[in-house]
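What follows is one structure encoded as structure tokens, with my remarks underneath.
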Amino acid sequence: MVQSILKDVELSVLSAVVFAVCAALIMSEYDLGVTLLYTDLREYGLWYLGISFVLVLILQDTYFYFIHRMFHHPSLFRWMHYGHHRSGDSTPWTSFAFDLPEAIIQALFFVGIVFIVPLHFITLVAVLMTMTVWAVLNHLGFEIFSSSFKSHWFGKWLIGPMHHSIHHHKYKVHYGLYFTFWDKLLGTEIENYAGIAEGVTISSIKIEE
């Protein structure tokens with residue numbers, strides 16, 4: 001376990017460097033005036049902060065779902081995504097334990113989105129914070145959502161630790177980041193997920209390929 005955590009920390013530091021380089025690139029492009037980033041709240045109004053925040057989360061979830069599913073292709077997995085799955089049972093240190101190619105592809109979303117959607121810096125920072133907190137929560141190793149919330153109409157569309165932990169044991173399901181929408185739509189949510197989530201704890205998940 002200690003060795004796995006140390007390796008996760010090593011990959012997480014590498015990922016942090018990649019994200020930092022991409023952040024520097026974004027700032028450089030902003031200084032050149034070629035991005036859609038802005039600083040004046042009056043430019044789009046306060047209401048747009050919330051709209052753009054939700055929009056970017058949906059776009060990132062979509063981007064993540066499809067690249068994540070691609071990473072699990074047998075010809076790509078060993079050199080693009082193996083580092084994230086090496087430890088088996090995830091810990092918070094696993095959250096950003098990405099191999100270099102994956103870290104680059106993950107970070108490129110933010111490099112691209114600032115050219116597509118007008119974003120206030122507050123919104124961009126809020127998305128980055130949400131991504132970080134959500135990733136850590138989903139790799140905690142224990143469920144944070146109550147059973148009543150998970151069965152609620154809203155809770156059914158959110159990915160939590162149980163949902164993601166199943167992915168770490170059965171690679172062919174549960175590819176989303178924030179929402180279960182794409183998994184449900186494209187048939188990659190495990191059959192009878194609701195029943196599984198009610199009947200087991202994360203520590204007892206042992207689902208074979």
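Applying the condition of being assigned to a loop (DSSP other than H, G, I, E, B) and touching a residue at least 40 places away in the same chain (Cβ under 8 Å) to the stretch 9-42 and asking which residue is farthest from residue 113 (Cα to Cα) yields 41. When restricted to residues that are part of a helix (DSSP H, G or I), under 16 Å from residue 164 (Cβ atoms) and touching a Ser or Thr at 6+ places or on another chain (Cβ under 7 Å), the stretch 72-112 contains 3. For the condition assigned to a helix (DSSP H, G or I) and surrounded by 15 or more Cβ atoms within 10 Å (Cβ to Cβ), residue 66 does not qualify. Selection within the stretch 139-161: residues that are at pLDDT 75 or above, among the aromatic types (Phe, Trp, Tyr) and in a loop (DSSP other than H, G, I, E, B). The member of this set that is nearest to residue 93 (Cα to Cα) is 142. When the stretch 162-185 is filtered for residues that are within 20 Å of residue 60 (Cβ to Cβ) and either in contact (Cβ under 8 Å) with a residue 24 or more places away in the chain or part of a strand (DSSP E or B) (or both), the ones remaining, listed by number, are 163, 164, 175, 176, 177, 178, 179, 180, 181, 182, 183. Consider residue 115 carefully, then state whether it is closer than 25 Å to residue 20 by Cβ and not in a helix (DSSP H, G or I). In short, yes. Going residue by residue through the stretch 20-29, is there one that turns out to be under 22 Å from residue 168 (Cβ atoms), of a type outside the set (Ser, Thr, Tyr) and surrounded by 13 or more Cβ atoms within 10 Å (Cβ to Cβ)? Checked against the condition, which is being under 22 Å from residue 168 (Cβ atoms), of a type outside the set (Ser, Thr, Tyr) and surrounded by 13 or more Cβ atoms within 10 Å (Cβ to Cβ), the stretch 20-29 yields no hits at all.
The values are calculated or read from the model by the stated rules, or taken from the named source; none is laboratory data. The structure displayed is predicted, hence computed values, not measured ones. Methodologically, a virtual Cβ is constructed for each residue, glycine included, from the backbone with ideal geometry; neighbour enumeration extends over all protein chains shown.
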